[in-house]
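All remarks here apply to the structure that follows.
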Amino acid sequence: LRWLIIGFYVDDLSMLFLAQLIHAFSFGVFHSVGISLVHDYFTGSHQGRGQALYASTSFGAGVAVGSLISGMVWDQLGAEILFVFASCCTLLALVIVWVFIQSPKFNGGHVR
């Protein structure tokens with residue numbers, strides 16, 4: 001939703017403010033859940049490695065690859081298409097996480 005608001009309401013300050021509020025909330029949730037999953041999957045002395053892997057893949061490699069692809073899409077197809085593409089990527093990520101990623105704390109919907 002945030003990407004679509006930014007792409008289609010670029011001249012509307014109130015909509016951009018709404019998009020930033022959504023970003024503040026969604027990034028907070030993303031980061032909190034990411035740290036929680038690292039804590040669940042990497043135990044004991046491996047937690048430092050898990051944190052490094054999380055940071056390097058989401059903020060290092062993710063930003064590098066995302067910037068490259070975004071630049072190419074922006075140049076070839078324009079800004080609005082880029083923001084639609086970003087929305088689609090976010091939706092795809094949600095589906096992947098929903099289907100494949102589960103915290104080790106949960107077993108069939110019940111906390112262990």
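Considering 77, 68, 92, the condition of being over 16 Å from residue 31 (Cα atoms), surrounded by 12 or more Cβ atoms within 10 Å (Cβ to Cβ), of a type in the set (A, V, I, L, M) and modelled with pLDDT of 90 or more is satisfied by 77 alone. Look at the stretch 36-57: where a residue is more than 14 Å from residue 101 (Cβ to Cβ) and a partner is in a helix (DSSP H, G or I), sitting 6+ places away or on another chain with Cβ atoms under 6 Å, you get 42/50; 50/38; 51/38.
Taken together, the residues in the stretch 19-41 that are more than 18 Å from the chain's Cα centre (by Cα) and modelled with pLDDT of 90 or more amount to 0.
No other residue among 32, 26 is of a type in the set (Ser, Thr, Tyr), out of contact with any Asp or Glu (no Cβ under 9 Å at 6 or more places or on another chain) and without any contact (Cβ under 8 Å) to a residue 24 or more places away in the chain apart from 32. Of the numbered criteria (1) loosely packed, with under 13 Cβ neighbours inside 10 Å; (2) of a type in the set (D, E, K, R); (3) part of a helix (DSSP H, G or I), the one residue 11 fails is (3).
Residues of the stretch 19-54 that are among the aliphatic types (A, V, I, L, M) and either surrounded by 13 or more Cβ atoms within 10 Å (Cβ to Cβ) or in a loop (DSSP other than H, G, I, E, B) (or both): 19, 22, 33, 35, 37, 38, 52, 53.
The values are calculated or read from the model by the stated rules, or taken from the named source; none is laboratory data. Quick caveat, the model's predicted, so the values are computed rather than measured. FYI the Cβ positions are ideal-geometry reconstructions off the backbone, even for glycines, and counts take in every protein chain you see.
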